[in-house]
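Participant: Dropping a structure here in C-alpha coordinates format, bear with me for questions.
The values are calculated or read from the model by the stated rules, or taken from the named source; none is laboratory data. Computed from a predicted model, the values in this text were never measured in an experiment. Cβ placement follows ideal geometry from the backbone for every residue including glycine, while neighbour counts extend to all protein chains displayed.
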(Lines give C-alpha, C1' and ligand atoms only; values in the text may rest on other atoms or scores of the structure.)
Protein backbone atom coordinates (compact mmCIF):
# COMPACT_ATOMS: atom_id res chain seq x y z
CA UNK A 1 0.00 0.00 0.00
CA UNK A 2 1.03 3.57 -0.48
CA UNK A 3 1.77 5.89 2.40
CA UNK A 4 -1.89 6.80 2.77
CA UNK A 5 -2.90 3.12 2.74
CA UNK A 6 -4.18 3.25 -0.84
CA UNK A 7 -3.34 0.38 -3.21
CA UNK A 8 -0.39 0.82 -5.57
CA UNK A 9 -2.66 -0.17 -8.44
CA UNK A 10 -4.47 -3.15 -9.92
CA UNK A 11 -2.65 -6.04 -11.60
CA UNK A 12 -4.25 -8.40 -14.09
CA UNK A 13 -2.35 -11.65 -13.52
CA UNK A 14 -2.81 -14.38 -16.14
CA UNK A 15 -1.36 -17.88 -15.74
CA UNK A 16 -2.82 -21.33 -16.33
CA UNK A 17 -1.14 -22.78 -13.23
CA UNK A 18 -3.22 -22.32 -10.07
CA UNK A 19 -0.14 -22.50 -7.83
CA UNK A 20 1.60 -19.70 -9.71
CA UNK A 21 -1.54 -17.56 -9.56
CA UNK A 22 -1.87 -18.10 -5.81
CA UNK A 23 1.80 -17.48 -5.00
CA UNK A 24 2.16 -14.40 -7.21
CA UNK A 25 -1.15 -12.96 -5.99
CA UNK A 26 0.05 -13.34 -2.39
CA UNK A 27 3.38 -11.64 -3.21
CA UNK A 28 1.70 -8.74 -4.97
CA UNK A 29 -0.93 -8.24 -2.28
CA UNK A 30 1.70 -8.12 0.47
CA UNK A 31 3.35 -5.28 -1.47
CA UNK A 32 0.12 -3.27 -1.74
CA UNK A 33 -1.28 -4.28 -5.13
CA UNK A 34 -4.86 -5.31 -5.88
CA UNK A 35 -4.90 -8.43 -8.06
CA UNK A 36 -7.42 -9.89 -10.49
CA UNK A 37 -6.61 -13.21 -12.13
CA UNK A 38 -7.33 -15.08 -15.32
CA UNK A 39 -6.24 -18.50 -16.53
CA UNK A 40 -6.27 -18.01 -20.31
CA UNK A 41 -5.94 -15.53 -23.15
CA UNK A 42 -9.72 -15.55 -23.57
CA UNK A 43 -10.36 -14.83 -19.87
CA UNK A 44 -7.84 -11.99 -19.96
CA UNK A 45 -9.47 -10.51 -23.05
CA UNK A 46 -12.90 -10.69 -21.41
CA UNK A 47 -11.60 -8.79 -18.37
CA UNK A 48 -9.82 -6.24 -20.54
CA UNK A 49 -12.81 -5.68 -22.82
CA UNK A 50 -15.02 -5.13 -19.78
CA UNK A 51 -12.81 -2.34 -18.37
CA UNK A 52 -9.12 -2.26 -19.28
CA UNK A 53 -8.69 1.16 -17.67
CA UNK A 54 -9.06 -0.31 -14.18
CA UNK A 55 -5.73 -2.15 -14.56
CA UNK A 56 -2.32 -0.61 -13.94
CA UNK A 57 -0.31 -3.49 -15.39
CA UNK A 58 -0.69 -6.96 -16.93
CA UNK A 59 1.49 -9.91 -15.91
CA UNK A 60 1.01 -12.90 -18.22
CA UNK A 61 2.63 -16.29 -18.65
CA UNK A 62 4.19 -16.79 -22.08
CA UNK A 63 2.51 -20.15 -22.73
CA UNK A 64 -1.15 -20.58 -21.81
CA UNK A 65 -3.62 -23.35 -22.65
CA UNK A 66 -5.27 -21.27 -25.38
CA UNK A 67 -2.39 -19.19 -26.72
CA UNK A 68 0.58 -17.12 -25.64
CA UNK A 69 1.35 -13.90 -23.87
CA UNK A 70 2.59 -12.53 -27.20
CA UNK A 71 -0.77 -13.36 -28.80
CA UNK A 72 -2.57 -11.59 -25.96
CA UNK A 73 -0.39 -8.52 -26.47
CA UNK A 74 -1.18 -8.57 -30.21
CA UNK A 75 -4.93 -8.82 -29.54
CA UNK A 76 -4.69 -5.95 -27.05
CA UNK A 77 -2.98 -3.84 -29.71
CA UNK A 78 -5.74 -4.69 -32.23
CA UNK A 79 -8.34 -3.61 -29.66
CA UNK A 80 -6.49 -0.39 -28.86
CA UNK A 81 -5.75 -1.47 -25.29
CA UNK A 82 -2.53 0.05 -24.00
CA UNK A 83 -1.37 -1.50 -20.75
CA UNK A 84 2.13 -2.05 -19.38
CA UNK A 85 2.76 -5.77 -19.78
CA UNK A 86 5.22 -8.22 -18.26
CA UNK A 87 5.52 -11.67 -19.82
CA UNK A 88 6.84 -14.49 -17.61
CA UNK A 89 8.22 -17.87 -18.57
CA UNK A 90 10.22 -20.73 -17.17
CA UNK A 91 11.31 -21.68 -20.69
CA UNK A 92 14.96 -21.12 -21.46
CA UNK A 93 14.99 -21.83 -25.16
CA UNK A 94 11.58 -21.32 -26.74
CA UNK A 95 12.27 -20.49 -30.42
CA UNK A 96 10.32 -17.20 -30.57
CA UNK A 97 10.51 -16.05 -26.96
CA UNK A 98 13.40 -13.62 -27.39
CA UNK A 99 11.94 -12.02 -30.51
CA UNK A 100 8.37 -11.87 -29.17
CA UNK A 101 9.11 -10.16 -25.87
CA UNK A 102 11.60 -7.29 -25.72
CA UNK A 103 13.33 -6.40 -22.44
CA UNK A 104 12.44 -5.08 -19.85
CA UNK A 105 9.06 -6.74 -20.29
CA UNK A 106 10.22 -10.31 -19.71
CA UNK A 107 10.58 -12.02 -16.34
CA UNK A 108 12.09 -15.49 -16.04
CA UNK A 109 10.40 -17.96 -13.69
CA UNK A 110 10.95 -18.65 -10.92
CA UNK A 111 11.39 -15.03 -9.91
CA UNK A 112 12.03 -13.36 -6.58
CA UNK A 113 10.01 -10.54 -5.09
CA UNK A 114 12.63 -7.89 -5.88
CA UNK A 115 12.76 -9.07 -9.53
CA UNK A 116 8.98 -8.82 -9.78
CA UNK A 117 9.00 -5.34 -8.23
CA UNK A 118 11.76 -4.20 -10.61
CA UNK A 119 9.85 -5.57 -13.61
CA UNK A 120 6.66 -3.81 -12.48
CA UNK A 121 8.45 -0.48 -12.08
CA UNK A 122 10.23 -0.83 -15.44
CA UNK A 123 7.10 -1.79 -17.37
CA UNK A 124 5.03 1.02 -15.88
CA UNK A 125 7.80 3.58 -16.35
CA UNK A 126 8.48 2.58 -19.98
CA UNK A 127 4.77 2.90 -20.75
CA UNK A 128 4.82 6.52 -19.57
CA UNK A 129 7.58 7.48 -21.97
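Participant: Just to be sure I understand, how many residues within the stretch 34-54 are in contact with a strand residue (DSSP E or B) (Cβ under 8 Å, 6 or more places away or on another chain), under 19 Å from residue 123 (Cβ atoms) and surrounded by fewer than 20 Cβ atoms within 10 Å (Cβ to Cβ)?
Facilitator: Residues flagged as in contact with a strand residue (DSSP E or B) (Cβ under 8 Å, 6 or more places away or on another chain), under 19 Å from residue 123 (Cβ atoms) and surrounded by fewer than 20 Cβ atoms within 10 Å (Cβ to Cβ) within the stretch 34-54 amount to 6.
Participant: In this structure, is residue 94 surrounded by fewer than 18 Cβ atoms within 10 Å (Cβ to Cβ), at pLDDT below 95, over 13 Å from the mean Cα position of the chain (by Cα) and within 18 Å of residue 8 (Cβ to Cβ)?
Facilitator: So residue 94 fails the test.
Participant: Which of the strands (runs of 3 or more DSSP E) found entirely inside the stretch 31-89 contain at least 2 residues meeting this: modelled with pLDDT of 95 or more and closer than 16 Å to residue 21 by Cβ? Full working, then the answer.
Facilitator: Details: elements: 33-38, 57-61, 85-89.
Output list reads 33-38, 57-61.
Participant: So is residue 56 without any contact (Cβ under 8 Å) to a residue 40 or more places away in the chain and closer than 23 Å to residue 118 by Cβ or not?
Facilitator: Taking the combined requirement at face value, the residue does not satisfy it.
Participant: Given the condition touching a helix residue (DSSP H, G or I) at 6+ places or on another chain (Cβ under 7 Å) and assigned to a helix (DSSP H, G or I), answer yes or no: does some residue in the stretch 9-24 qualify?
Facilitator: At the first step, the residues of the stretch 9-24 found to be touching a helix residue (DSSP H, G or I) at 6+ places or on another chain (Cβ under 7 Å) are 10-15.
Filter again for assigned to a helix (DSSP H, G or I), leaving none.
Checked against the condition, which is being touching a helix residue (DSSP H, G or I) at 6+ places or on another chain (Cβ under 7 Å) and assigned to a helix (DSSP H, G or I), the stretch 9-24 yields no hits at all.
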